[in-house]
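Note sheet for the following structure.
The values are calculated or read from the model by the stated rules, or taken from the named source; none is laboratory data. All of these numbers come straight from a predicted model, not from anything done at the bench. Reconstructed Cβ throughout: ideal geometry from the backbone, glycine too, with neighbour counts over all protein chains shown. Heavy atoms of the whole protein, side chains included, go into the accessibility calculation; ligands, DNA and RNA do not. Shrake-Rupley method; radii C 1.70, N 1.55, O 1.52, S 1.80 Å.
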Amino acid sequence: MSINVENVVVEYASRRVLNGIDLEIDAGEFVSIVGETGCGKSTLLRLILAEEHPTEGRVQVQGRERSRPDRTCGYVPQRYSLFPDKTVLANVAFGLEVTSGFWNRNSREFREEALRYLRHTGLSEADAKKYPHQLSGGMQQRVAIAQALIMKPPVLLMDEAFSALDPGTRRGMQRLMKELWRESGTTVVFVTHNTREAVCLGTRVIALVKDGERGSSVALDLEVPHLDFDSDEEELTRLIARVESASVKMDRPASMAVPVIS
Amino acid sequence: MSFFRIDTQPARIPAWVLSWFLFAAGITAYFYAAEQRHRENPDDRVMPTVTQMVRAFQDAAAKPAEGQEVQEAPQSLIQRVRGSMLATDTLATARRFLISVALLFPAVLLGLHMAMFPYMGAFFLRFFQFFDKIVALSLLPILFIAFGIDELSKIMLIVIGVAPTIILDTVNLTKSVPREQIVKGFTLGAGDFAITYRIVLKQIFPRVLNSIRLNLKAVMLFLFAGEMIASTDGLAYRIALLRRHMGMDTILPYALWVALLLFAVDLGMSTLNKKLHPWFQE
């Protein structure tokens, strides 16, 4: 098992945000997490990242609890994903260089590897010399994905990574992401508020649903069939509507979702 | 012309005229007033004429100060300029100024560590927040007692006066680096110090240089205070000395010379900042 979230509760100043979240994610899965704004999707991601710690319960990645973020999880946030002072190539090679140790540094080798990853994500050698502010939003996220994947993390966490992109670029990035996931076999946890994106990308869709009485969120594993971008549009629309209705209400149809909390 | 419209852009020539207008008006007003005073009293020393100032500045730039040894052997122009009152004073002030500015860089590192390492922040932050409010000039007598009236006390005055501001500014700049960048660093395998120096310091450095640029005047202010009170050379020492003799014909060019030097340092730092950090957008 890649990620194990056990009975997790998160409270901020006596306000409970997450309430008894249980979640098991197997290695190689692509899990989409959906939910309304403020339901705690990003909080759950930060817990897996070990940037935050639960008030109760525990979160294990690769079988161990961690005190802070490390190389176990790659991370692609919505914004500020690249280091502005470094060129695109230096951004992608950064992880390799910083982990190589002072005496084992082989910049040329690392840069060649970085260039290979950049090409793989659809960027050219000319782009490699640019600074992040000289790239479009879509290109920046391509670099961010290459930067994370070059370290071959067992888990890749993406927090609304494509939210700021225009629809065309977003579709391209979704296809690229799915392709990279298939090739790398990395476990991906993808937080999004876009249901279509969640359904088309994820092999599994988890909804964080606000409990009407308590205001805190619980996790529901929506047992939806996995669809692809080329699936029948009618079937896709029907499924999106079902997911959306299930992820905003607690009194969902029993056939639609299976709660993964006790 | 829409002087009070916020959605307007001055054309090139009006913008140029406007930006130089106050300089021209100031110079004209001065020379008009000086002319008037000299018409009433040809020996007026409060507002010297251009000729008087040019002559005094030429003397300062080519002759040694009164009381200094005069070389008997004929000297080249460069040798005369090098031994002149202006050059001697400028070098003395520049040396103190550069040492003081160099000493601000450890302050930057301290601020960086205070913001990055919470225990260091807890240890130093409150102290420097309080220390920043102490008027450095009020400590001058203590500094003279503790460090003597030599160079050290003047440099300490500058450091005490400006360093807390630079430290607190660096703390704020460091804290403004998005959390995502630090988390990203961890996930790419960087440790605490790699994140501090290779991610955060590199990102804040252009802004730190700008902060030091903004504080150059404060550095000069404290330096002048120290030189005026206890020094035997330096630009401020000379101004204080000439004040006793009402030597306005030298004081005014000296004040302009100091402004010009500061302007040059500021321009140099700004150019260096752009060259070193081509990615920096501000």
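Quick notes
- Single unsatisfied condition, B:R207 versus (1) assigned by TED's automatic domain parsing to the domain that holds B:F105; (2) free of Cβ contacts under 8 Å to residues at least 24 places away in the same chain; (3) open to solvent by 20 Å² or more (accessible area, probe 1.4 Å): (2)
- Scanning segment B:220-239 for residues being in a helix (DSSP H, G or I), over 11 Å from B:K154 (Cα atoms) and more than 14 Å from the chain's Cα centre (by Cα) gives a total of 3.
- Of the set (1) more than 10 Å from chain A (Cβ to nearest Cβ); (2) of a type in the set (D, E); (3) more than 25 Å from B:L104 (Cβ to Cβ), all apply to B:E180 but (1).
- Annotation note: of B:L252, B:L242, B:L272, B:L262, the sole residue that is out of contact with any strand residue (DSSP E or B) (no Cβ under 8 Å at 6 or more places or on another chain), more than 20 Å from B:T93 (Cβ to Cβ) and either assigned to a helix (DSSP H, G or I) or of a type outside the set (A, V, I, L, M) (or both) is B:L272.
- Taken over segment A:187-222, residues that are over 19 Å from the mean Cα position of the chain (by Cα) and either modelled with pLDDT of 90 or more or of a type outside the set (S, T, N, Q) (or both) amount to 6.
- Single unsatisfied condition, B:L91 versus (1) open to solvent by less than 90 Å² (accessible area, probe 1.4 Å); (2) closer than 30 Å to B:I155 by Cβ; (3) not in a loop (DSSP other than H, G, I, E, B): (1)
- Candidates in segment A:72-95 are the residues that are open to solvent by 20 Å² or more (accessible area, probe 1.4 Å) and modelled with pLDDT under 95; of these, the one that is farthest from the other protein chains (Cβ to nearest Cβ) is A:Q78.
- Restricting the search to helices (runs of 4 or more DSSP H) fully inside segment A:100-210 and requiring at least 2 residues that are open to solvent by 30 Å² or more (accessible area, probe 1.4 Å) and not assigned by TED's automatic domain parsing to the domain that holds A:V88 gives A:167-184.
- Among the residues of segment B:132-188, just one is among the basic types (K, R), part of a helix (DSSP H, G or I) and more than 30 Å from A:G74 (Cβ to Cβ), namely B:K154.
- Number of the condition not met by B:L91 [criteria: (1) modelled with pLDDT under 90; (2) in the same structural domain as B:G234 (by TED's automatic domain parsing)]: (1)
- As a summary of the residue check, B:V219 satisfies the conditions (1) within 14 Å of another protein chain (Cβ to nearest Cβ); (2) touching a Gly at 6+ places or on another chain (Cβ under 9 Å); (3) open to solvent by less than 10 Å² (accessible area, probe 1.4 Å) except for the one numbered (1).
- Residues satisfying the stated conditions in segment A:51-80, i.e. free of Cβ contacts under 8 Å to residues at least 60 places away in the same chain and farther than 13 Å from A:N4 by Cβ: A:E51, A:E52, A:H53, A:T55, A:E56, A:S67, A:R68, A:P69, A:D70, A:Y80
- In the set A:I3, A:I48, only one residue is touching a residue at least 24 places away in the same chain (Cβ under 8 Å), crowded, with 17+ Cβ neighbours inside 10 Å and either of a type in the set (G, A, S) or away from every other protein chain (no Cβ under 14 Å) (or both); that residue is A:I3.
- Residues within segment B:133-147 that are open to solvent by 50 Å² or more (accessible area, probe 1.4 Å) and either touching a helix residue (DSSP H, G or I) at 6+ places or on another chain (Cβ under 6 Å) or of a type in the set (A, V, I, L, M) (or both), tallied: 7
- Filter result (among the small types (G, A, S) and within 21 Å of B:L152 (Cβ to Cβ)) within segment B:87-138: B:A92, B:A94, B:S100, B:A102, B:A107, B:A136, B:S138
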